[in-house]
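Structure record follows, encoded as structure tokens.
The values are calculated or read from the model by the stated rules, or taken from the named source; none is laboratory data. Computed from a prediction, not measured in an experiment: that's the story for all the values here. Methodologically, a virtual Cβ is constructed for each residue, glycine included, from the backbone with ideal geometry; neighbour enumeration extends over all protein chains shown. Ligands, DNA and RNA are stripped out before the accessible areas are found, and what is left, the full protein with its side chains, is counted by its heavy atoms. Shrake-Rupley method; radii C 1.70, N 1.55, O 1.52, S 1.80 Å.
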Amino acid sequence: MSTTVLPGQPIVLPPRTPVPQLGPGTYQRDGQIRASLLGVPRINASTLTISRIQPRIPMPGSVVIGTVTRLSPLQALLFITVVDGVPLPAGEEFTGVIRTQDVRATEKDRVKIGDSFRGGDVVRTQVISLGDARSYFVTTARNDLGVIFATSEAGATLEPVSWQEMRCPKTGKIEKRKCAKPLDMP
């Protein structure tokens with residue numbers, strides 16, 4: 001049992017394992033043992049427990065996910081909520097800054113922040129440096145980095161069409177974004 005479980009997710013025990021006592025991070029509902037914490041289940045002395053995964057602090061090289069909160073002509077501000085795949089507890093989020101020169105690897109002088117991001121977009125980025133006292137400098141200058149979720153002006157979820165465009169399924173209108181290549185594509 002080395003897979004991470006989410007709160008409410010059933011915990012599958014290995015075959016022929018006696019039913020363990022329930023410890024911290026677990027509960028039973030409708031005859032199924034479930035997780036009450038995000039973490040990895042462990043059996044210690046016939047007691048099943050889940051230890052809370054400790055959130056990580058963003059470091060240079062960390063892949064982070066956040067929501068665009070503010071735009072200016074030179075930068076986009078990001079509310080970082082996930083660091084290296086681990087969600088941060090409420091109230092412990094960080095701020096990231098995507099500068100125009102960090103949006104893409106080529107033609108950096110032609111980048112317009114308004115054509116790459118909009119407020120509310122969910123973006124996968126990589127930490128470049130620690131920035132100033134309040135924020136981290138992050139980049140989307142790789143194919144797998146960029147907008148991973150956005151809503152159109154009509155309120156529908158946008159679908160990526162190319163690395164720089166997304167389409168509204170309701171209206172068919174194309175909106176500009178710096179899209180992230182899906183992780184499961186070769």
Q) Within the range 156-166, is there a residue that is loosely packed, with under 12 Cβ neighbours inside 10 Å and part of a strand (DSSP E or B)? A) yes
Given the structure, is Thr140 within 22 Å of Pro60 (Cβ to Cβ) and hydroxyl-bearing (Ser, Thr, Tyr)?
-> yes
Counting only residues in the range 17-29 that are modelled with pLDDT of 85 or more and assigned to a loop (DSSP other than H, G, I, E, B), the one farthest from Glu93 (Cα to Cα) is identified as Pro20
Only one of Gly119, Gly131 is open to solvent by less than 80 Å² (accessible area, probe 1.4 Å), part of a loop (DSSP other than H, G, I, E, B), in contact (Cβ under 8 Å) with a residue 40 or more places away in the chain and closer than 27 Å to Met59 by Cα, namely Gly119
For the range 18-57 the number of residues that are within 30 Å of Arg134 (Cβ to Cβ) and among the aromatic types (Phe, Trp, Tyr) is 0
Those residues of the range 72-90 which are over 16 Å from the mean Cα position of the chain (by Cα) and assigned to a loop (DSSP other than H, G, I, E, B) amount to Ser72, Pro73, Leu74
Answer yes or no: is there a residue in the range 149-166 that is modelled with pLDDT under 90, within 29 Å of Pro7 (Cβ to Cβ) and not small (Gly, Ala, Ser). no
The one condition Leu145 fails out of (1) more than 13 Å from the chain's Cα centre (by Cα); (2) within 16 Å of Ala180 (Cβ to Cβ) is (1)
(Q) Is it the case, given these coordinates, that Gln21 is surrounded by fewer than 18 Cβ atoms within 10 Å (Cβ to Cβ) and not basic (Lys, Arg)? (A) yes
Going by the conditions given, is Arg42 of a type in the set (D, E, K, R), farther than 25 Å from Val127 by Cβ and in contact with a Leu (Cβ under 8 Å, 6 or more places away or on another chain)?
-> yes
Of (1) in contact with a Leu (Cβ under 9 Å, 6 or more places away or on another chain); (2) within 26 Å of Thr95 (Cβ to Cβ); (3) assigned to a loop (DSSP other than H, G, I, E, B), Pro169 satisfies every one except (2)
Taking the range 30-73 and the residues there that are modelled with pLDDT under 90 and within 30 Å of Ser116 (Cβ to Cβ), the one that is least open to solvent (accessible area, probe 1.4 Å) would be Pro55
Note on the range 172-186: residues more than 13 Å from Gly120 (Cβ to Cβ), open to solvent by less than 70 Å² (accessible area, probe 1.4 Å) and part of a loop (DSSP other than H, G, I, E, B) are Gly172, Lys178, Ala180, Pro182
The number of residues in the range 137-155 that are part of a strand (DSSP E or B), hydrophobic (A, V, I, L, M, F, W, C) and either in contact with a Cys (Cβ under 7 Å, 6 or more places away or on another chain) or at positive phi (or both) is 1
- Task: Tell me, please, whether a residue that is in contact with a strand residue (DSSP E or B) (Cβ under 7 Å, 6 or more places away or on another chain), open to solvent by less than 30 Å² (accessible area, probe 1.4 Å) and part of a strand (DSSP E or B) can be found in the range 98-115.
- Result: yes
